Each structure stands twice: as C-alpha cells, then as structure tokens.
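Some notes on the structure that comes next.
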Amino acid sequence: VLLVRNKNEFRALGSKCPHYGAPLSKGVLKGQRLRCPWHGACFNIRTGDIEEYPSLDCLPCFKVTVQDGKVFVTAKKKVLTFPAVPGHQLHPQHHGLGRCPLNQNMMLLLGGGVAAMVCAETLRQEGFTGRIIIATKEKHVPYDKTKLSKEMNLKAEDIYLRKPEFLRAHGIELWTEKEAASVDFQKQKVSFTDGSSQKYNQLLIATGSHSNPLKVPGADLQNVCILQTPEDSHKILKLATGKNLVIVGASFIGTRLDQARLLSTSQDTEETSPQPGATCLGVSRVQLYLQQCSLESPSQYSNQLPFPFQMLQTKGVKFYMKTEVCELKGKDGKVTEAVLANKQKLPADVVVVGIGVFPNSAFLKGTSIARDDSGAILVDLHMKTNIPNVFAAGDVVSFPVALLNGDKSSIQHQQVAEAHGHIAALNMLKKEKQLHTVPFFWTTMLGKSIRYTGCGKGYTATVVKGSLEQQKFLIFYIRDGVVAAAASLDCDPMVSLIAEVLYSGKQISKEEAE
C-alpha cells in the first residue's frame, strides 16, 4: 500500500504501477496527480483513475481513517495480494454497461494496436452500449509492441495487453487478419481485402505505421527482415543466433536489436543526413541519439560515437557510420553479403532493416480525407479528420503538438497512441474533449533504461547534467530559450518531474535548467 499525504488529506493506493510494476513511492506527486517514475503513467490519488498513459489499469484505492494522530488503512486481503503487473481489470466504477442488442449504433475501429484498444475500452467505460468492432490485419489481440525488440523469445500470448476473454466480456468484437482495402465515406462503408465490407456510424482509423523497405538490389533475398510482429521477432532471433547479423539503420529499433552482440551497419534514409538516429521512428528518438554527443546542432556531428552506441560497441557491435548499404548479395536465394557505398563488404547471414516508417494509409488513396506528404492523416485536437464521423489516432496521424506551438507532427510513441485513442472515443460520444498530453518515451539497452519526455524537434542548445561516461545523466533540450524536452539515464524520477512541469503549462528557462 502507498500512503500519500497531500496537505492535510491522506490517501491510500496500490504501491506499484500496473504497467510494469514500478514503485510509485519513487514517483512524482503534483497536487492530485501521481506520476510513475519509469514510464510516466499518471493516476488520480483520490480515485486511482488513469490520468496519463501507458498504464491500461487503474490503481486500487483503500479506505483511510485518522484517529488519535494515527492513520488506519482498511483493505481486503484479496486486493492487497493482487499482482502488480497488468491485471486486465477496468476500474470498478468504470465498468460501463457492456453491449445492448437494442442499440444499433456501430463503432468500427480499424487497426489492432493500443490506440484502437484504448478507444474501445473508453467507449465501454463511458457507457456506450452499441456494437464495437476492432478490425486488424494482425493475427493477434493487441499486444505490447515495445517488447518485440527487447525480449525476442516471448510467445505472442505473453505480450497480449488484453486477453481475448477480456474483450468478449466487454462486448468488443475483434476481427483478426482483416485488412481494410478502401473506404467509401459517402456510404459510410469499409471494404476489406477478403471481399467483405462493413457499414459504420462512426469510424476510427488507427492502422499504425509500417517499416520502410530497403530499396537496393538484393533486398528481396531470403533472410532480409523487418521487425513488425511477434512472428518477425521469433524469426530474427532464430536466424541470427550465432550468425553474422547486419542491421541497417541506427534507430532505437536497430540498437535494441544490436544486443545480439553481432554486426551492425548504419544507413540513413537521406544521404544528406549521416547522423545516427536520423532514421528513427519518432522525432524525440532522433534528438536523443544525436544529443548523446552533446552537440549543439545535428550539423556539427563528429566521428565520436553517441553514448548508447559506445555501450553497444563494448559488447562487440561494430558501427559503420556515414555510409549506406548499396547492394545485398546472395547465394541460392539467401543473403550472404552486404555491400556498403564505400565498397566495403560485410558478411551477412541475416539482414534486419530499421530505417524508419511510413503511415499505413495507402487504402485511403483517392479519397477526400486530408493527409500530409508522408501519408499521415491530419487531425485536430479532438482527433477528428476533415470527414464527418471519421476520427484517426496513433502512428497514422499528424496532430497539433502543444510543445511545437500547435504545429502538426507525427509522434510514434505508445503512450501518445493510447492518449489519442482515449480522446477519440470521448469525441465519438460528443464529449468535446481536447487532447492534452506530454509525449513520454523509454527504451532499455543492456540493462540501462533511457527516459525521454517532451518534443525536441528543432532544438538549438542543450544543458547536460551528470556524466555520459559514468552512465548517469540528465539532458535538457532547449528551443527558443526554454526546455522543449529532456532525456535521462539513471536519474529517476527527473524525467517524470519535468513531464509534470511541462504538462502544467509552465516553462523551464535555459537558466533554470542550468
């Protein structure tokens, strides 16, 4: 049990974050909000309700009484022994009403990731009793994609975010291996690749993103892989164990895979940007990697390897920077060699490509839905598109980012996608609720956890506290004289504290950061 005193008020809650079991006693308390030190989930200390993701489950609350200067907490043993890891439980006061056959309203959610799942759960929690369908091209219920590059030997069932029984109990239909082929917005109908179709009253497009393909001769050889699904993860682990592995791309996906301690090469999607990390999945990940060198700007990139790369180098991973793969060669249809632009040849039994992503929105081509040049769907702070009754969320969207003064951007973080799904559901139910979230990202490398919050796009200076060499630091990213983002290693709960300050709308000046 975690006992919290806020002024003269005592509250008792579960002591571990339901997300990954972090000790909340080491978190950040701001007013009624308690923020997890590891991954930034927030809870209301009065109700235990989620106020910020990535946790999908609320905290249990316990009765508190004060007598003769002593605090007494009353709880049921069953609740106290409940596992701290995700328990697949909606908050008791938010169980909603479930499905009612008399309600003919249809909510169709395209995509099987966290955005669609949180949208479906929120619809039920808020009392929607109509039909909810999640249609996904995946084979599985929504799962924790962050585990795919960290624990590659897990079964798909081990990383399910919700069990199939949970979805059935709440009247949420899941259609697997069901990929959207086209949408007729006039008729409010989605057609699928298997020839079937489904009408909707309101539509959520949360189809996520897909790995960029490698466009060089030999890219179609066997054992050239991307990491997108549990099946991909198992395949890469099986193929690469004890073999020569070449990883194309110095993004977080690539560097997490580097823990195979084999062979790595870096390629950037643009020849003009040789910095490692320039190809990674979300803006903040790029900034984090560039800034491990304590650079003032990306253009000053030197030959010194950034800190996470140095960690991997000590474990036998080789880096080839400022170059790219220009050809893959093979024998009997299987890849055997990667040829770099500088003519260097690397033995390659397996090649994993991690050179960024593009939005899964090709099925919308030819429709009137507004998309940017990358194909990302444009939404407002209500997650509404320019089409009536059509919402979008997660990796597939470009949305107004408060920390970028409202400019639109795509941010591919799990926590952001969950926040999108929640807000989309509320507005599908006409609640007129705007998105208010601060991006929070984390990764783990060789047992070390890196935290990141904010949006460092376009930063011009940094303030570094601690030591990169001693693997204990806090970095502030400065834009227009104020902190736009922060990253840390072994400095919990500093990034969660900074996230709370940014969430409150307060600015941290460069001088304050120093």
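The values are calculated or read from the model by the stated rules, or taken from the named source; none is laboratory data. Since this is a predicted model, take the numbers as computed values, not measurements. Cβ coordinates were reconstructed from backbone atoms using ideal geometry, including for glycine residues, and neighbour counts include every protein chain displayed. Just so you know, the surface numbers come from the protein's heavy atoms only, side chains and all, with ligands and any DNA or RNA stripped out. Shrake-Rupley method; radii C 1.70, N 1.55, O 1.52, S 1.80 Å.
What do you get for Rg/Rh of the stretch 5-52 when both radii come from the Cα atoms and Rh is the Kirkwood radius?
0.92
Skip the ligands, DNA and RNA, and give the accessible area per residue of the stretch 144-197 with a 1.4 Å probe, whole Å².
Per-residue accessible area for the stretch 144-197 comes out at 55 Å².
For the stretch 379-422, go through all pairs of different Cα atoms, get the mean of 1/r, take its inverse, and jot down that Kirkwood value in Å.
Final number for the Kirkwood radius of the stretch 379-422 is 10.5 Å.
Only four residue types carry charge here, +1 at the Cβ of Lys and Arg and -1 at the Cβ of Asp and Glu. Report the dipole size of the chain about the Cα centre in Debye, rounded to the nearest 20.
Computed about the Cα centre, the dipole is about 1260 debye.
State the antiparallel share, in %, of DSSP beta bridges confined to the chain, rounding to the nearest 5.
70
For labels at His210 and Leu3 in the simple 7 Å Cα→Cβ model, what's the distance in nm?
Reported label-point gap for His210 and Leu3 is 5.6 nm.
For the stretch 459-514, what % of the accessible area comes from carbon and sulfur atoms, probe 1.4 Å?
For the stretch 459-514, the apolar C and S fraction of the accessible surface comes to 48 percent.
Give, in nm to one decimal, the length gained when the segment between Glu514 and Lys163 is fully stretched (0.36 nm per residue of separation minus the Cα-Cα distance). Present the calculation step by step, with values, prior to reporting the outcome.
On the way: separation 351, 0.36 × 351 = 126.36 nm, distance 4.67 nm.
Gain on extension, Glu514 to Lys163, equals 121.7 nm.
Between Lys334 and Lys150, with labels modelled 7 Å along Cα→Cβ, what's the label distance in nm to one decimal, could you check?
3.2
For Ser449 and Thr176, what is the calculated FRET efficiency with R₀ set at 41 Å and r taken between the beta-carbons, to the nearest 0.05?
Efficiency, from the Cβ-Cβ distance: 0.80.
Taking R0 as 22 Å, what FRET efficiency do you get between Val73 and Lys30 from their Cβ-Cβ distance, rounded to the nearest 0.05?
Step by step, r from the Cβ atoms, then E = 0.45.
Which label marks the calculated value of mean projected area of the Cα convex hull in nm², given the options (1) 29.5; (2) 25.8; (3) 30.8?
(2)
If I compute solvent accessible area with a 1.4 Å probe over the protein chains, what percent of it on the stretch 109-184 is carbon and sulfur?
Percent of accessible area from carbon and sulfur atoms in the stretch 109-184: 45.
Note down the net charge around Val335, summing +1 for each Lys or Arg and -1 for each Asp or Glu among other residues with Cβ under 12 Å from its Cβ.
-1
Quick one: pull the percentage of alpha-carbon pairs in the stretch 440-513 with a separation above 13 Å. Please list the in-between numbers first.
Values: 1698 of 2701 pairs.
So the portion of pairs separated by more than 13 Å is 63 percent.
Excluding Phe399 itself, what net charge comes from residues whose Cβ is under 12 Å from its Cβ, given Lys and Arg +1 and Asp and Glu -1?
Taking every Cβ under 12 Å from that of Phe399, the sum is -2.
Determine the sum of side-chain charges near Glu500: Lys and Arg each +1, Asp and Glu each -1, restricted to other residues whose C-beta is under 10 angstrom from that of Glu500.
+3
Just the number, please: carbon plus sulfur as a percent of the accessible area of the stretch 2-81, 1.4 Å probe, no ligands or DNA/RNA counted. Show your work: numbers first, answer last.
Numbers: 2140 of 4190 Å².
For the stretch 2-81, the apolar C and S fraction of the accessible surface comes to 51 percent.
What are the semi-axes of the equivalent ellipsoid of the stretch 2-81, taken as the square roots of 5 times the eigenvalues of the Cα gyration tensor, listed largest first and rounded to whole Å? Intermediate values should be presented prior to the final figure.
Numbers: eigenvalues 90, 42, 19 Å².
Semi-axes, largest first: 21, 15, 10 Å.
Ignoring everything except DSSP H segments at least 4 long, calculate the 222 nm mean residue ellipticity for the chain; use -39,500 (n - 2.57) per segment, divide by total residues, nearest 500.
That calculation yields -4500 deg cm²/dmol at 222 nm.
What accessible area per residue comes out for the stretch 432-513, rounded to a whole number of Å², with a 1.4 Å probe?
41
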